[in-house]
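The values are calculated or read from the model by the stated rules, or taken from the named source; none is laboratory data. Computed from a predicted structure; not experimentally measured. So basically every Cβ, Gly included, is an ideal-geometry build from the backbone, and we count neighbours across all protein chains shown. These accessible areas exclude ligands, DNA and RNA; they are computed on the full protein's heavy atoms, side chains included. Shrake-Rupley method; radii C 1.70, N 1.55, O 1.52, S 1.80 Å.
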Amino acid sequence: MGRIAVRFTRVEPRLVARDFVRALMAGVDRKNCWQLAEAAGHERPSRMQRLLREAVWDAEAVAADLRSVVVGGLAHPDAVLVVDETGFLKKGLRSVGVQRQYCGTAGRIENSQVAVFLAYASPHGRALVDRRLYVPKSWTADPDRCRQAGIPVDLEFATKPALAVQMIDAAVAAGVQVGFVTADEAYGRDPALRQRLRELGIGYVLAVARNHYAQVTTVVRERVDVTESWLSELAWQRRSCGPGSKGERFYDWAWVGVHDDGPGLHSLLIRRNSDGDLAFYRCWTPRPAPLRTLVRVAGSRWTVEETFQIAKGQVGLDQYQCRNWTSWHRFTILAMLALAVLTLTTLAVASTTTSEMVALTVAETRRLINALYHRPPDIAHLLRWSYWRRRHQALARTSHYRRRELQQPSSQT
């Protein structure tokens, strides 16, 4: 918190931000401003609500500080940037960027918000370092709706791969040095993203669909799943793409060269599991790289899924109750900051791990922090919050019923 103190113009919002991050790591049921304020010892949620809505502070500058802290703490020559999106289920039509769209969290089309995140993953650990909210065309084509949600007037529609390019450009401009970027099929099929990574000199291992076409020779352009049928059994090598929750993850891998007149080395990587299911990756490296490196990068993509799970389960990344643009960006960066605190704290005490116990996890670190800093409950404080919640809920119920009565058509006699 001392690192980001200069991003606040006044001491009051800085102290509230500190309480906000601490409360995000607390053991409350839901990480909304009501319960966060209660956990922080505030009398009302108004100070935290003001922090997200109206207080003067630079959330994007805090995001830059967060990226610097994470990269500095987890730096490793084998680190990669991982791009992925996650969904936030919502009700109603007013939350910024919400619409019926495919939500990976639910696994189907739902009313939701979708955001693209950038994670920094290294052998030391992984954490989220940037985010972009996906704003669909149904929003950018409606200026009035955008104005009500606080979306900047100069914001234009951007695809999810384009949002990924924005975050990668920002990371490179900030001096982040990585050898590779990896992402799933939604990003691997985008030629503009691949072209931008080649311009930056960053290698990539990007998943593509089985019906993706690749220039396998100077004259033949073929679907990648057809390319696989040309391979003999001798073309496959069994390699581990890294440790998982149940040990090393072994797959069969085949590596095929792809023709391209541009600089660097283009190739197609094919993964086969024990059931015979295939996965395909477009690869590019500015200089020759061994197969084990590409396999390691391909296997690192799962880390962002685990990071999303930890961020939502431990610091409430998806539990916000924000509708406008500013509040969403401020809540998410504070949640990512709380996750970084837990991740770097876990790394700092990793040296205490022995062969007789598993490594300390982020969840266990959070539990220990709450247990070690636990204070006896203030009964009067808890009762005041109980009374406040019940009065507020009664007022909300009365307003809801009144609004329903006004919306119902009058009965005809």
**Report entry** Single residue of Arg94, Arg132, Arg50, Arg126 found to be part of a strand (DSSP E or B), charged (D, E, K, R) and under 17 Å from Arg323 (Cα atoms)
**Finding:** Arg132
Requested in this report: Please work out if Arg10 is out of contact with any helix residue (DSSP H, G or I) (no Cβ under 9 Å at 6 or more places or on another chain), at pLDDT 90 or above and at negative phi.
Outcome: yes
Report summary line: So, first residue under 22 Å from Thr293 (Cα atoms) in region 197-220, second residue of a type in the set (Asp, Glu) and open to solvent by 30 Å² or more (accessible area, probe 1.4 Å), Cβ within less than 6 Å, six or more apart or across chains; the pairs are Ala207/Asp184; Ala207/Glu185; Val208/Glu185; Ala209/Glu185; Val216/Glu222
**Report entry** Test for Asp260: is it part of a loop (DSSP other than H, G, I, E, B), open to solvent by 20 Å² or more (accessible area, probe 1.4 Å) and either in contact with a strand residue (DSSP E or B) (Cβ under 9 Å, 6 or more places away or on another chain) or modelled with pLDDT of 90 or more (or both)
**Finding:** yes
Query raised in the report: Given the residues Arg390, Arg375, which is the only one that is at pLDDT below 80 and not acidic (Asp, Glu)?
Result: Arg375
Query raised in the report: Residues Ala170, Ala158: which one is open to solvent by 10 Å² or more (accessible area, probe 1.4 Å), part of a loop (DSSP other than H, G, I, E, B), of a type outside the set (Phe, Trp, Tyr) and at pLDDT 95 or above?
Result: Ala158
Query raised in the report: What pairs come up if the first residue lies in region 33-56 and is farther than 13 Å from Val21 by Cα and among the β-branched types (Val, Ile, Thr), the second is at pLDDT below 95 and open to solvent by 40 Å² or more (accessible area, probe 1.4 Å), and their beta carbons are under 9 Å apart, counting only those six or more places apart or on different chains?
Result: Val56/Thr9; Val56/Arg10
Report summary line: Only one of Gly104, Gly97, Gly87 is touching a strand residue (DSSP E or B) at 6+ places or on another chain (Cβ under 6 Å), of a type in the set (Gly, Ala, Ser), surrounded by 19 or more Cβ atoms within 10 Å (Cβ to Cβ) and under 23 Å from Gln314 (Cβ atoms), namely Gly87
Report summary line: Scanning region 70-80 for residues that are touching a strand residue (DSSP E or B) at 6+ places or on another chain (Cβ under 9 Å) and either closer than 20 Å to Ala338 by Cα or part of a helix (DSSP H, G or I) (or both), the one most open to solvent (accessible area, probe 1.4 Å) turns out to be Ala75
Requested in this report: Report yes if Ala192 is modelled with pLDDT of 95 or more, assigned to a helix (DSSP H, G or I), out of contact with any His (no Cβ under 9 Å at 6 or more places or on another chain) and open to solvent by less than 10 Å² (accessible area, probe 1.4 Å), otherwise no.
Outcome: no
Requested in this report: Report whether or not Ser274 is without any contact (Cβ under 8 Å) to a residue 40 or more places away in the chain, open to solvent by less than 20 Å² (accessible area, probe 1.4 Å) and either among the hydroxyl-bearing types (Ser, Thr, Tyr) or over 19 Å from Leu200 (Cβ atoms) (or both).
Outcome: no
Requested in this report: Could you tell me whether region 234-245 includes any residue that is in a helix (DSSP H, G or I), open to solvent by 30 Å² or more (accessible area, probe 1.4 Å) and modelled with pLDDT under 95?
Outcome: yes
Report task. Inspect region 200-214 for any residue being open to solvent by less than 40 Å² (accessible area, probe 1.4 Å) and farther than 18 Å from Ser267 by Cα and give the result as yes or no. Result -> no
Requested in this report: Report, by residue number, each residue of region 277-297 that is among the aliphatic types (A, V, I, L, M) and either open to solvent by 30 Å² or more (accessible area, probe 1.4 Å) or not in a strand (DSSP E or B) (or both).
Outcome: Leu278, Ala289, Leu291, Leu294, Val295, Val297
